[in-house]
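The values are calculated or read from the model by the stated rules, or taken from the named source; none is laboratory data. All values derive from a computational prediction rather than experimental measurement. Cβ: placed from backbone, ideal geometry, glycine included. Neighbour counts: every protein chain shown.
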Amino acid sequence: MPATPLYCACPRRLDAARLLSQRFALPLLEQRPQQGYWLELGEERLELLTTGKHGAVYAEFVEGAAKHRREQGGGRGQPVAKAIGLKGAKELPYVVDATAGLGRDSFVLAGLGCRVTLVERSPVAAALLADALERAAGHPDTADIAARMQLVHASSIAWLAALSEAERPDVVFVDPMFPDTDKKSAAAKKDMQAFQQVIGDDQDSAALLQAAIAAAKNRVVVKRPRLGAAIEGVKPSAVLDGKSTRFDLYVIKALHPVQG
Ligand SMILES: C[S@@+](CC[C@H](N)C(=O)[O-])C[C@H]1O[C@@H](n2cnc3c(N)ncnc32)[C@H](O)[C@@H]1O
C-alpha cells in the first residue's frame, strides 16, 4: 500500500498535524491533493477523504452511533459482552483488540468497563484512532471510557509475541478484514469501502490467530459475519451466533486441557 498523505486544512492546527505526521509516518502535504486518498486535519477532527464519491471516514467515540451505543447498548447482555466472557464474571477482563480498525468494538468493551489495548498496524487507521481518542478524552461523557483505552501502532502478531508473562491479556479480540464477499457486502456503505481500499484485506489472519491463542490467558474471540468462514487452522471451541455477526470462541482451557 502506498503511504497515505496528510494535509492540514486548519492553519491553527499545523503543530498537531506535524505530530501526527511524525508518529504515524504520514507524508505532510502543503496543498490538498487533487486525486486519490488523503487524511485531512480540520478544525474539529481528522478524516480520510477522497475526490471520489465516498464520504469522509473518521473514528468517533463521542457523537452519532457511539453515543447511541453508549446510551442504549444493552450492557453485559449484548453478544460481544457474552463473547468475551463478561456475563457473570467477577472481575472485568483485560482485553487486547488485535485488529482495532476504527475502534468501535474496543469502545463497546471499554464502555462495559474493560481495560482495552487497541493494536492497529495501518498508519491511517491508527491516526484516525489517535484523533478520536483525544477528542473522547476531552469530553465529559467519554473521558472515563477513553481512559481505559490505550492505542498501540504495531502489528499484533509481533506485538503479542513480545509480551511478558505479566503483560498477557485475559482476552484477545480479533476482527480481520477478510478478502471474501460477505465482508464486501457488509462494507457496502461507500465510506467504509474507502477505508477498505486504503487498508486492504488482511491476508495473515491464520498467523494472527496463532499469536492470539499463544498470548491470551483465557480466550480468543474472533468476530465474523454470521455466514463467513472461520479463520483457517485451529477449530473454535464454541460459537456464539448473533443477528448478523458470529463470534468464534477459542477457549484456552479447552484448547490446552491440563493433563493429570
Ligand atoms: C475489520 S477492521 C476492524 C474493525 C474494528 N473491529 C472496529 O470495530 O472498528 C480490521 C482492522 O485490523 C487491522 N489489522 C489486521 N491485522 C492486523 C494485525 N496483524 N495487527 C494489527 N492490526 C491488524 C487492519 O489494519 C484493520 O484496520
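On the basis of being touching a residue at least 40 places away in the same chain (Cβ under 8 Å) and either touching a Phe, Trp or Tyr at 6+ places or on another chain (Cβ under 9 Å) or exposed (fewer than 14 other Cβ atoms within 10 Å of the Cβ) (or both), does Leu48 make the cut? Yes: the conditions hold for Leu48.
Out of the residues in segment 219-241 that are in a strand (DSSP E or B) and among the charged types (D, E, K, R), state the one that is nearest to Glu165 (Cα to Cα).
Among them, the one singled out is Arg219.
Exactly one residue out of Glu43, Glu47 is within 30 Å of Thr142 (Cα to Cα), in a loop (DSSP other than H, G, I, E, B) and at pLDDT 95 or above: that is Glu43.
Okay, residues lined up against (1) more than 9 Å from the ligand (Cβ to nearest atom); (2) part of a helix (DSSP H, G or I); (3) closer than 25 Å to Tyr94 by Cβ; (4) modelled with pLDDT of 95 or more:
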residue: Ile145; (1), (2), (3), (4): yes, yes, yes, yes
residue: Val172; (1), (2), (3), (4): yes, no, yes, yes
residue: Lys183; (1), (2), (3), (4): no, yes, no, no
residue: Ala194; (1), (2), (3), (4): yes, yes, no, no
residue: Asp202; (1), (2), (3), (4): no, no, yes, no
residue: Ala207; (1), (2), (3), (4): no, yes, yes, yes
residue: Ala211; (1), (2), (3), (4): no, yes, yes, yes
residue: Lys217; (1), (2), (3), (4): yes, no, yes, yes
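The condition of being within 20 Å of Ala100 (Cα to Cα), loosely packed, with under 14 Cβ neighbours inside 10 Å and over 19 Å from the mean Cα position of the chain (by Cα) holds for only one of Ala9, Ala3, Ala65, that being Ala3. Could you look through segment 90-129, keep only residues that are under 20 Å from Arg219 (Cα atoms), in a helix (DSSP H, G or I) and of a type in the set (A, V, I, L, M), and pick out the one that is farthest from the ligand (Cβ to nearest atom)? The extreme case among them is Ala110. Of the residues making up segment 142-165, those that are among the polar types (S, T, N, Q) and exposed (fewer than 13 other Cβ atoms within 10 Å of the Cβ) number 1.
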